[in-house]
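In what follows, a single structure is set out as structure tokens and then discussed.
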Number of protein chains: 2
Amino acid sequence: MSLRHAVLGLLAEGSASGYDLMKLFDVSLANTWPATQSQLYGELGKLADAGLVTVAAEGPRGRKEYAITEEGRAELRRWITEVEPSRPHRSDMLLRVFFLSQVPPEQARAYLRAQADLAAERLARLESIRPFVESGTDNLSRNGRIALEYGLRLSRLQQEWATWAADQIK
Amino acid sequence: MSLRHAVLGLLAEGSASGYDLMKLFDVSLANTWPATQSQLYGELGKLADAGLVTVAAEGPRGRKEYAITEEGRAELRRWITEVEPSRPHRSDMLLRVFFLSQVPPEQARAYLRAQADLAAERLARLESIRPFVESGTDNLSRNGRIALEYGLRLSRLQQEWATWAADQIK
DNA sequence: CATTGCATGTAACGCGTTACATGATTAT
DNA sequence: ATAATCATGTAACGCGTTACATGCAATG
């Protein structure tokens with residue numbers, strides 16, 4: 001149930017329409033909590049029903065600008081401080097590793113080297129968005145830098161691990 | 001669609017019943033691809049319908065022993081070598097980081113320190129299962145060690161990052 | 001004989017993905 | 001005019017979670 005809090009979190013920084021949020025997701029939470037247009041509109045409806053957001057204004061083309069309510073802010077704070085992060089997170093990349101004996105050693109090594117390459121690409125991609133995040137002065141950018149640092153470290157770890165793992169295949 | 005391949009992968013090492021697989025998941029793939037009893041039985045039915053596994057034997061208490069077929073092995077190999085690992089993986093732990101400005105700095109730091117502690121616990125838990133994985137000589141154990149190493153490195157990364165992140169909150 | 005373990009299944013619910021469907025406004 | 005952008009919604013499908021439901025066999 002985190003999409004709900006992702007939406008609340010973005011609205012806590014300022015009111016926005018579903019359409020605005022869609023774009024905001026793409027430039028901020030895309031790597032952490034991706035969401036589709038479909039989901040967003042559905043969630044906004046539910047949040048409004050629950051009284052956590054309200055339609056603050058209506059504009060042209062049926063545009064609805066949503067604003068977070070006090071209850072919404074309270075729920076967001078509660079989620080941040082009281083709910084503990086979950087998830088035995090699934091990784092199909094790692095799942096394959098368990099079954100690498102099913103293919104010849106060269107193919108197993110090739111798989112791991114490919115993972116190293118993919119990690120390197122992700123690292124490069126994250127490095128490339130760094131300047132944008134670095135230049136922002138808003139709350140989201142400031143915290144986004146901390147999240148980005150996680151992504152950078154993770155990509156490096158994956159690259160190094162995959163390289164190491166390839167050498168383990170005898 | 002990876003549960004299907006997780007099941008195929010385990011059956012590739014030897015025939016087993018749904019009940020056996022349940023326990024196997026718990027001791028091998030629990031941290032990489034958890035599955036519930038419900039899911040397992042459903043998937044086995046679908047795999048049998050698709051001809052990727054067969055009921056090799058029936059035992060007492062309605063026990064059905066499933067065996068992987070040649071098509072099943074082919075599909076497993078195809079998945080390992082040809083399908084590229086997916087997933088922009090979601091993290092509610094990281095999502096919270098974006099919204100840390102919504103709570104007072106001390107609470108934000110407390111959150112991150114708690115994450116460091118949790119990572120340390122996970123690290124300890126993984127270290128504790130190491131001896132078991134280390135002693136196994138089967139394929140699953142051998143590859144499991146490589147997967148475990150990933151988990152160990154990841155936990156350390158998370159601990160270090162969270163500690164660093166807490167210091168970033170001014 | 002009672003408990004534990006073996007063993008299989010179904011149903012309800014929520015979330016995420018993809019595709020479909022529609023229409024108003026602005027810019028060229 | 002026409003294309004691009006703004007803007008909102010619905011429907012179908014699959015996967016994962018939780019809870020429910022049932023019953024046989026071995027062990028003490």
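The values are calculated or read from the model by the stated rules, or taken from the named source; none is laboratory data. Computed from a predicted structure; not experimentally measured. For neighbour counting, all protein chains shown are included, and Cβ atoms are generated from backbone atoms with ideal geometry for every residue, glycine included.
Answer yes or no: is there a residue in the range A:8-30 that is under 30 Å from residue B:36 (Cβ atoms), acidic (Asp, Glu) and either surrounded by fewer than 22 Cβ atoms within 10 Å (Cβ to Cβ) or within 13 Å of DNA strand D (Cβ to nearest atom) (or both).
No, that holds for no residue.
Checking residue A:60 against (1) surrounded by fewer than 19 Cβ atoms within 10 Å (Cβ to Cβ); (2) more than 9 Å from DNA strand D (Cβ to nearest atom), only one condition comes out false. Which one?
That leaves (2) as the condition not met.
I'd like the residue in the range A:25-78 that is aromatic (Phe, Trp, Tyr) and within 15 Å of DNA strand C (Cβ to nearest atom) and, out of all such residues, is farthest from the other protein chains (Cβ to nearest Cβ).
For the range A:25-78, the residue satisfying everything is A:41.
For the condition under 30 Å from residue A:11 (Cβ atoms) and either surrounded by 13 or more Cβ atoms within 10 Å (Cβ to Cβ) or among the charged types (D, E, K, R) (or both), what is the one hit in A:96, A:153, A:113?
A:153
Is it the case that the range A:42-51 has a residue that's surrounded by 21 or more Cβ atoms within 10 Å (Cβ to Cβ) and basic (Lys, Arg)?
No; the residues of the range A:42-51 include none that is surrounded by 21 or more Cβ atoms within 10 Å (Cβ to Cβ) and basic (Lys, Arg).
Which of the residues belonging to the range B:47-64 are small (Gly, Ala, Ser) and in a loop (DSSP other than H, G, I, E, B)?
Result: B:50, B:51, B:59.
Taking only the range A:122-135 into account, find how many residues are within 12 Å of chain B (Cβ to nearest Cβ) and surrounded by fewer than 14 Cβ atoms within 10 Å (Cβ to Cβ).
Residues in the range A:122-135 being within 12 Å of chain B (Cβ to nearest Cβ) and surrounded by fewer than 14 Cβ atoms within 10 Å (Cβ to Cβ): 1 in total.
Across the range B:31-42, which residue is farthest from DNA strand D (Cβ to nearest atom) among those that are of a type in the set (Ser, Thr, Tyr) and in contact with a helix residue (DSSP H, G or I) (Cβ under 7 Å, 6 or more places away or on another chain)?
Filtering the range B:31-42 for residues that are of a type in the set (Ser, Thr, Tyr) and in contact with a helix residue (DSSP H, G or I) (Cβ under 7 Å, 6 or more places away or on another chain), the one farthest from DNA strand D (Cβ to nearest atom) comes out as B:32.
Are there any pairs, at least 6 apart or on different chains, whose C-beta atoms fall under 6 Å, with the first in the range B:43-56 and more than 11 Å from residue B:8 (Cα to Cα) and more than 11 Å from DNA strand D (Cβ to nearest atom) and the second of a type in the set (Val, Ile, Thr) and at pLDDT 95 or above, and if so, which?
If the second residue must be of a type in the set (Val, Ile, Thr) and at pLDDT 95 or above, the pairs left are B:54/B:69.
Got at least one residue in the range A:90-97 being within 8 Å of another protein chain (Cβ to nearest Cβ) and closer than 25 Å to residue A:7 by Cα?
For the range A:90-97, residues within 8 Å of another protein chain (Cβ to nearest Cβ) and closer than 25 Å to residue A:7 by Cα: present.
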